[in-house]
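Below is one structure, written out as structure tokens; comments come after it.
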Amino acid sequence: MSISESNTNMNVIDRDGLDRLFEVLVSEGYLLIGPRVRDASVVYDEISSTRDMPVGLKDEQEPGRYRLHERGDGAVFGYVVGPHSWKRELFPPVQKLYQVQRNGGKPDMEAPAADVQKRALIGVRGCELAAMAIQDKVFVDGPFVDEQYKRRRENLFIVAVHCNEPAATCFCGSMGTGPAARSGFDLAMTEVIGGGIHEFIVETGTELGATMLDAVPHRESTEDDRVRRAMINETARQGMTRAMRTDDVHRLLTRNYESPRWEEVSERCLSCANCTMVCPTCFCSTVEDVTDLSGDHAERWRKWDSCFTSDFSYLVGGSVRPSISSQYRQWLTHKLATWQDQFGVIGCVGCGRCISWCPVGIDLTEEVAAIRESEHPAKRYV
Amino acid sequence: MSTIEMTSDMGVIGADPMLPSWYAVERVRRENHDTFTLELCACDGETAFGFQPGQFNMLYVHGVGEIPISISGDSERQDIVTHTTRAVGTVTRAMWQLKRGDTIGLRGPFGTVWPVEEARGRDVVIVAGGIGLAPLRPVLYSILHHRESYGNVVLLYGARTPDDRLFVDEILTPAVESRIQVDETVDRAVTGWGGKIGVVTSLIPRAGFDADEALAMVCGPEVMMRFTIEALQRRGMDADQIYVSMERNMKCAVGFCGHCQYGPTFICKDGPVFRFDKIEHLFGIREL
Ligand SMILES: Cc1cc2nc3c(=O)[nH]c(=O)nc-3n(C[C@H](O)[C@H](O)[C@H](O)COP(=O)(O)OP(=O)(O)OC[C@H]3O[C@@H](n4cnc5c(N)ncnc54)[C@H](O)[C@@H]3O)c2cc1C
Ligand code: SF4
Ligand code: SF4
């Protein structure tokens, strides 16, 4: 489906309107979280205006490679996704679960207060919205609910951006998640730049979005705007070079637990866990217990964890998955196959982060294709 | 945001499944040189604790850590919560040090249950290896309470040495008195042991049960379960008559941490007790 039919409620704001929108959100109590440059990559952190953002930058991404370049224009959203994902706002990398004070009788336990900070996420891409919907299934859809996650989620205002220029590592098109944002936003923007124009065509996804937009100078979209927007989106869709076939991937991977390809990939994989850290859907965590010197005050922290460690599967006497081949197999098979059994959706949104940030450039789309290839497709798929 | 419901009440946070409740150690019992049983009472003195045989709790030792331990007590008693643990590492050794009156954090009960109800009217084969008898003890209590509801009941138990045998007074002796056929073996004998020596699977061929209709419940190390299942299948039992309790590293027990995945399953919520036909296709896969 193309996005052109999805919404009739469309308005246009200009370049200054974007900063005006940010001011409105701040005055409504929102903390702005958006893209900014740190250590030569685009990360997500607090911003106060578009001055903090990677204006005029573009990312070049390849397996094992990420570089920022000047674009030569003033585009505000002229890059795609970097090493951060929004999951860090909802499922923080490090989070205190509770603290306990021992005092003889029943210990005093204190859990952190509910995080009631309202956050406005600026520049959320289609794949990232899909990733958030996937994590909702893990943390909110039960049977148990992560209350802190749920609270933070409820307090989000989401400004989505349709991607104009996918990176070479993107394959959201074949995962059905992008390059245009589809749902789950309050506002969604198409950046129009060139020929002396710099504007944002804004769709409204919620009442709240409409209210915020009302406080920003805007004009109604014209037929011209809508055509331009559809063309930009179509160009983005066609510009995507990478793809992954998913219709058979569940059966493919679950019948290939013994494929020699796992050994082959394990000779390249460093089990560095980068892929799991950058992935917007990976949700595994561990816990850490700390005490003060007296031992009476204890804290329990939850931290992101990765299936690429042998501790991850440790059972008394040893690890269940000590080898890199079984760790990689666990990751890929979970992400693409068993995730479907568990949550009814595939666990990958095609953002390509794990491809760019893998130090040795392992590409999951290539691994899946290689496993499929190893089965002699001519015989099995006619 | 649009994808999840807004709650009307934004001020109060709901019950957090990661937060423990406090229990006091009522009684410590040393079962053998490394295994002990803790009887716990809710610190508020009021909360009744209900569970079903096969379920487990997450037990938190102050500042040390939190681990999954099956409930080994009688499910018809709600005033105490009983756990039998083998001291093998950091948290279990810290638990071994606990004394009457000490507090422990508890979350639970979690997980699936043994088919105690489905087994009514049928023969039952219980096969336990070592500490594996602990998660099965609630089943034996149930059967002892309702002995007339079951057909032939067989308990096959393998321990490392005669001194390691668990629950001699609570289960092994009363079971025999209640017409449960108890057959035991040890890996290594000591002087004075007149019983069998060998692996627990060697007891299966001659055990008195009707393989066509019996249900089997198996708990022990994974290799022991594998050979037990093979022996049960050789007796003619089908995969859907056999139940096993699986173990994986576990940090949260509520499906968040991802550690306990076993193929498509989460041991914490889809297990730990599985009917074997549900996981048969995974069982032989190396390093899964
Ligand atoms: C559902 C379930 C029920 C269990 N029931 C019992 C029982 O009734 N009695 C009993 O003695 N043991 C039981 N175990 C095993 C028990 O949880 C481990 O022996 C215990 O976690 C070891 O912790 P440790 O810190 O002493 O060991 P360490 O060797 O120090 O282990 C370090 C950490 O690894 C993890 N870990 C290690 N082994 C296991 C394991 N087997 N399962 C899960 N996590 C592990 C724990 O987080 C542990 O703290 C059960 C395990 C599961 C999954
Ligand atoms: S598996 Fe890779 S491409 Fe898929 S969502 Fe995760 S990081 Fe993105
Ligand atoms: S696949 Fe790449 S990023 Fe992932 S653990 Fe292996 S080397 Fe690291």
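Give me the percent relative contact order of the range B:5-110, please, defined on Cα pairs under 8 angstrom at least 6 residues apart.
Taking the mean separation of contacting Cα pairs over the length of the range B:5-110, I get 35 percent.
Given labels modelled 7 Å from the Cα in the Cβ direction, how far is it in nm from A:K96 to A:D224?
Spacing of the two 7 Å Cα→Cβ label points: 5.7 nm.
Only helical DSSP H runs with n ≥ 4 go in: add -39500 (n - 2.57) per run for chain A, normalise by residue count and round the 222 nm mean residue ellipticity to 500 deg cm²/dmol.
-8500 deg cm²/dmol
Per-residue HN-Hα couplings for the range B:235-251, Karplus 6.51 cos²θ - 1.76 cosθ + 1.60 at θ = phi - 60°, whole Hz, x for Gly and Pro?
Taking θ as phi minus 60°, the curve returns 6, x, 7, 8, 4, 7, 9, 10, 10, 10, 10, 9, 10, 9, 3, 8, 10 Hz for the range B:235-251.
Once you have the Cα-Cα distance between A:W301 and A:Q238, take 0.36 nm times their residue separation minus that, and quote the gain in nm to one decimal.
In short, 18.2 nm is gained.
Between B:D240 and B:K196, how high is the FRET efficiency from 1/(1 + (r/R0)^6) when r is the Cβ-Cβ distance and R₀ = 22 Å? Nearest 0.05.
That gives a FRET efficiency of 0.15.
State, as an integer percentage, the relative contact order of chain B based on alpha-carbon contacts under 8 Å between residues 6 or more apart.
Relative CO of chain B lands at 17 percent.
How much length, in nm to one decimal, is gained on full extension between A:D16 and A:S323, taken as 0.36 nm per residue of separation minus their Cα-Cα distance?
That pair, A:D16 and A:S323, stretches by 105.1 nm at full extension.
Summing +1 for each Lys or Arg and -1 for each Asp or Glu, what net charge is found among the other residues whose Cβ lies under 14 Å from the Cβ of B:R120?
Taking every other residue near B:R120 into account, the sum is -3.
Would you mind getting me the FRET efficiency between A:S294 and B:V88? Use the beta-carbon distance for r and R0 = 41 Å, nearest 0.05.
0.90
How shielded is A:319-327 by partner chains, expressed as the average number of their Cβ atoms within 10 Å of its Cβ atoms?
3
Roughly how big is the protein assembly as shown's charge dipole about its Cα centre, with Cβ charges of +1 (Lys, Arg) and -1 (Asp, Glu), in debye to the nearest 20?
1380
Summarise the partner chain shielding of A:292-298 as one whole number: the mean count of Cβ atoms from other chains within 10 Å of each residue's Cβ.
Shielding by partners across A:292-298 averages 2.
Taking the highest mean first, how do the peptides B:164-174, B:52-62 order by number of other beta carbon atoms within 10 angstrom per residue?
B:52-62, B:164-174
What is the local net charge at B:E39, summed over the other residues whose Cβ is closer than 14 Å to its Cβ (Lys, Arg +1; Asp, Glu -1)?
My count for the surroundings of B:E39 gives +1.
Assuming 0.36 nm per residue, please report the length gained on full extension of the stretch B:T47 to B:S149 beyond their Cα-Cα distance.
Extra length from B:T47 to B:S149 when fully extended: 33.7 nm.
Placing +1 on the Cβ of each Lys and Arg and -1 on the Cβ of each Asp and Glu in the protein assembly as shown, which of A:Y66, B:F209, A:N103 has its Cα farthest towards the positive end of the resulting dipole?
B:F209
Using +1 at the C-beta of Lys and Arg and -1 at the C-beta of Asp and Glu, which of B:V91, B:I67, B:P109 has the Cα lying farthest in the positive direction of the dipole of the range B:5-110?
So the residue furthest toward the plus end is B:V91.
Shielding of B:18-24 by partners, i.e. mean partner chain Cβ atoms within 10 Å per residue?
5
Take peptides A:247-256, B:116-125 and line them up by average Cβ neighbours within 10 Å, highest first, as a rough protection proxy.
Ranking, from highest mean packing down: B:116-125, A:247-256.
A:E70 to A:T211: FRET efficiency via 1/(1 + (r/R0)^6), r the Cβ-Cβ distance, R0 35 Å, to the nearest 0.05?
Computed FRET efficiency for A:E70 and A:T211: 0.45.
The numbers here are math on the coordinates, done by the rules we state, and not lab data. Predicted, not measured: the structure shown is a model, and the values here were computed from it. Ideal geometry is used to build each Cβ from the backbone, glycine not excepted, and the neighbour counts take in all protein chains shown.
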